[in-house]
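To keep things clear, I will list the structure first and then write my remarks on it.
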Amino acid sequence: MSPSTFRAAVLHEVGQPLVIERLTLKPLGPHDVLVQLRASGLCHTDLEVIQGQLVYPMPIVLGHEGAGLVEAVGAGVTLVRPGDHVVCSWNPSCGHCFYCDRDQPILCEVFTRTQPRGQLLDGASRLALDGRPVHHFSAVSSHAEYCVVHETSAVAVPREIPFDRACLLGCGVMTGVGAATRVARVAPGATAVVVGVGAVGLNAIQGARLSNADVIIAVDVDDRKLGLARAFGATHTVSAARDDAVARVRELTAGRGADYVFEAAGKVEGFRLAVEAARPRRDFPWLARAYLDGRLKLDELITRRLALAEINDGFAQMAKGDGVRAVILLDAEVRA
Ligand SMILES: [Zn+2]
Ligand SMILES: [Zn+2]
């Protein structure tokens, strides 16, 4: 059953606060999945759209780290069923274009054409405000009570994983863990250095740990983040604020340097390859099971839980560099 209206955080103009609006839904297309969202992570990419470094058509609903329950599906959907617990992927793919056939779904021609236009894969929006279309962000738009995604974006995960932890798998965790496990393929016994230990860097550390690296050196200027890095599996930490980081790493590796260097400081562009190597339908369930088995840390990544109405404060805190991940909780009990 579709809601008649639902709340969403809408960006109307660059540099302006998000406004909580009541949106309406257009009918589901054949490959659409309606997700009742329960949690949505705030990611730096959202902030870049708010601040104007990334340009998207407005009005738009941001958010691309979402988890929730499948509420309804289009007539042609075969990948999920109502009631499934899903993590949204911001990389839907058509499955039959040149790049999809070459196993490079991140480059899916339909996705790369429609994504910058704020559309779903069929070139349209399902969201409306006062009868006017509202754009989707990266085919997800999870800072809302509901989202409509292509079925390749709705990845079923075990029911046991709580939604606020699950949503993190959708972007930051996949990117960091994927960089170590899927791209670098860190070898057992190796030495890895991770420069910059925010959400993506901490996940590169635990990716290196999952790959049985022997020595994992975390480098950052923030002592609190270096403390977290230890909890995520770093065997050594180097304060770039106090020490000559390069000299210290050389010392810790007996002059040989590291086998792998992951640089997550500032921007996450160094992790682009990890994004290309990610296969959400293969990797999200794997990561969810790793969490449930106690091999992957997610609890410690969440430094703040907030309501949808507090979203602007969440982004203000992120702009100051505070915290690792803030997650919006969308509680079904309090819905109007
Ligand atoms: Zn992200
Ligand atoms: Zn494609």
Connecting every pair of Cα atoms under 10 Å apart in the chain and solving the GNM, the largest mean-square fluctuation among ALA156, ALA208, ALA319 falls on ALA319
P(r) over all Cα-Cα pairs of the range 184-272, 5 Å bins from 0 to the longest distance, whole percent per bin, short to long, reads 3, 17, 29, 26, 19, 5, 0
Scan of the chain for GluC sites (Glu not before Pro) in DSSP loops with at most 11 other beta-carbon atoms within 10 Å gives a longest site-free stretch of 161-336
The range 166-193-the range 109-150 distance, computed between alpha-carbon centres (Å)
29 Å
Taking the chain as a Gaussian network, where each spring joins two C-alpha atoms under 10 Å apart, which residue of LEU11, LEU292, LEU34 fluctuates the most?
LEU292
Using only DSSP helix segments of four residues or longer, with each worth -39500 (n - 2.57), what per-residue ellipticity at 222 nm results for the chain after dividing by its residue count and rounding to 500?
-7000 deg cm²/dmol
Calculate one ³J(HN,Hα) per residue across the range 159-164 by plugging θ = phi - 60° into the Karplus curve 6.51 cos²θ - 1.76 cosθ + 1.60, and present them in order as whole Hz with x for glycine and proline.
5, 5, 7, x, 4, 5
Across the chain, where is the longest run that never hits trypsin sites (Lys or Arg not before Pro) in a DSSP loop with at most 10 other C-beta atoms within 10 Å?
103-241
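What size of dipole, in debye to the nearest 20, comes out for the range 184-272 about its Cα centre when the only charges are +1 on Lys and Arg C-beta atoms and -1 on Asp and Glu C-beta atoms?
It works out to roughly 160 debye.
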What's the exposure ranking of CYS88, CYS43, CYS100, going from fewest to most Cβ atoms within 10 Å?
CYS100, CYS43, CYS88
Mean-square fluctuation check for the chain, GNM, Cα pairs under 10 Å: which of ALA247, ALA234, ALA39 is largest?
ALA247
According to a simple spin-label model (label point 7 Å from Cα along Cα-to-Cβ), what is the distance in nm between ARG117 and ALA316?
3.7 nm
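All of the numbers you see were taken from the coordinates with simple rules; none came from a lab. Since this is a predicted model, take the numbers as computed values, not measurements. Backbone-built Cβ (ideal geometry, glycine too); neighbour counts: all protein chains shown.
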